[in-house]
Structures are given as structure tokens and as C-alpha cells.
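Since the structure comes first, as C-alpha cells, the remarks are kept for the end.
The values are calculated or read from the model by the stated rules, or taken from the named source; none is laboratory data. Keep in mind the model is a prediction, meaning the values are calculated, not measured. Positions of Cβ are backbone-derived with ideal geometry, glycine not excepted, and every protein chain shown enters the neighbour counts.
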Amino acid sequence: MATKKSDSSSNKSVWLIGGIAALIAVAAIIAVASRSGGDEVVEGVEEFHPVEVVGEPLPEFSGGATDPAVGMMAPVLTGQGFTGNKIVTSPGAPTLLVFLA
């Protein structure tokens, strides 16, 4: 019986040490990944570009059971990506736009 308790205690110690080592490894990875890269400026890369909107705006969603914009054509957005490449939402094509703040 004494050996079973010893094995159980030893097994718990291994898991405890492994868990602590894993936490240290995760903390180290987060610390390295979150280091600031500084204020370096990359030539030819702009964060913001003007956007052209063509079409009627969709009606505001009031939170009701039905959305009045369902089935309506969304306005076409034309702009540029970070490196100046042209980006256009295609009219009539399924498109998912996500706005994050």
C-alpha cells in the first residue's frame, strides 16, 4: 500500500512540475511575441487611404425581428490596401465586410 501512495504522490509531482514549466513557456512566448517593434516606417506603405462609396446607404437596423436591409444591394466600396493595391467590393457578389474598432 505504501508504494501506491508513493506512486500517486510522484505522479502528482510530475504533473505539477510539468504544469509550471508549461506556464513559464507560455509566459515567455507571450513576452517575446508582444515586444514592440519600434516606430519603424516602411516606405510605400500607408495605413489609411480614402474610400469611395457608390450607391444608396442601407437603412439603419433598429434591432427588430426583421431587418429592412435584407435583400437590398449594398453600396460599392472602392479603396486601396496598405501597399496601394486597388480593393473593390463587387456589386451582386456575396461579400463579408468586418469593421473592427
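Once region 70-101 is narrowed to residues that are at pLDDT 85 or above, within 22 Å of the chain's Cα centre (by Cα) and part of a loop (DSSP other than H, G, I, E, B), the residue that is nearest to residue 47 (Cα to Cα) is 81.
Out of 67, 7, report the one residue that is at pLDDT below 85, surrounded by 10 or more Cβ atoms within 10 Å (Cβ to Cβ) and not assigned by TED's automatic domain parsing to the domain that holds residue 89. Walk me through it before giving the result.
Details: 67 fails: at pLDDT below 85.
Only one candidate passes the filter, namely 7.
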